[in-house]
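What follows is a set of notes on a single structure, which appears directly below.
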Amino acid sequence: PIIIVVALIAVGVRSLSLINGNVKGTTDSTIEIEKALKSKKLDRTFNFPLNDAAGKEVGTFKYIVESVEVRNEIIVKGQRATAIKGRTFLVVNLKLVNDLKKGVNINTRDYIRLTVNGKDKELLAADVHNDPVEVQAISTEYSRLGFATNDTDKKHVLVIGEIDGSKQRIEINF
């Protein structure tokens with residue numbers, strides 16, 4: 001009789017928790033962040049080669065720099081990240097287009113650097129990324145890169161190109 005009473009109590013407690021809506025997956029876990037402090041559309045398209053394991057070019061992909069934003073908050077691995085006082089995040093919004101009939105993995109941060117304050121020899125790599133970005137066959141994938149910058153930094157310039165190739169510069173004037 002004691003076992004039956006304990007079992008009935010356990011079933012009752014479980015039933016009440018289900019009635020109260022405490023079921024995993026039913027709560028809204030959407031994370032909202034502050035709006036961008038500044039933003040600018042760029043819509044610049046670059047074509048880069050895709051090489052196989054032997055280094056032979058098998059096709060190209062489009063690396064489109066859609067826009068840039070300055071933010072105090074970003075989402076990293078599903079968690080809110082807030083810039084410390086005196087710093088902000090410069091976020092670059094990318095669109096990657098793969099026209100091949102095979103999926104590819106792209107390290108987006110290999111194609112972009114940032115210079116600030118006219119220091120053209122000091123190339124900054126993205127601090128926040130989700131590389132490698134998998135772009136399925138004949139598809140488009142959206143991604144973002146983030147650079148932690150000082151509030152006092154001026155003259156932001158994106159340097160776009162392959163590591164060993166020529167580079168194009170995009171001045172960001174907000």
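Out of (1) surrounded by 11 or more Cβ atoms within 10 Å (Cβ to Cβ); (2) in a strand (DSSP E or B), the odd one out for D131 is which? Single failed check for D131: (2).
Look at T149 and say whether it is in a strand (DSSP E or B) and touching a residue at least 60 places away in the same chain (Cβ under 8 Å). Answer is yes for this residue.
Yes/no per residue for (1) of a type outside the set (D, E, K, R); (2) out of contact with any Gly (no Cβ under 9 Å at 6 or more places or on another chain); (3) without any contact (Cβ under 8 Å) to a residue 60 or more places away in the chain; (4) part of a strand (DSSP E or B):
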{"residue": "V97", "(1), (2), (3), (4)": "yes, yes, yes, yes"}
{"residue": "L100", "(1), (2), (3), (4)": "yes, no, yes, no"}
{"residue": "K119", "(1), (2), (3), (4)": "no, yes, yes, no"}
{"residue": "I160", "(1), (2), (3), (4)": "yes, yes, no, yes"}
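Out of all the residues in segment 164-174, is one or more of a type outside the set (D, E, K, R), in a loop (DSSP other than H, G, I, E, B) and under 19 Å from the mean Cα position of the chain (by Cα)? Scanning segment 164-174, I find no residue that is of a type outside the set (D, E, K, R), in a loop (DSSP other than H, G, I, E, B) and under 19 Å from the mean Cα position of the chain (by Cα), so the answer is no. If you go through segment 102-117 and keep only what is open to solvent by 10 Å² or more (accessible area, probe 1.4 Å), more than 11 Å from V157 (Cβ to Cβ) and outside any helix (DSSP H, G or I), you end up with K102, G103, V104, N105, N107. Got at least one residue in segment 160-167 being of a type in the set (V, I, T), closer than 17 Å to Y63 by Cα, crowded, with 17+ Cβ neighbours inside 10 Å and modelled with pLDDT of 90 or more? Yes, some residue in segment 160-167 is of a type in the set (V, I, T), closer than 17 Å to Y63 by Cα, crowded, with 17+ Cβ neighbours inside 10 Å and modelled with pLDDT of 90 or more.
The values are calculated or read from the model by the stated rules, or taken from the named source; none is laboratory data. Treat the numbers as computed from the prediction; the structure is a model and nothing was measured. Please note: Cβ atoms are built from the backbone with ideal geometry, for glycine as well, and neighbour counts cover all protein chains shown. Side chains included, ligands, DNA and RNA excluded: accessible areas come from the protein's heavy atoms. Shrake-Rupley method; radii C 1.70, N 1.55, O 1.52, S 1.80 Å.
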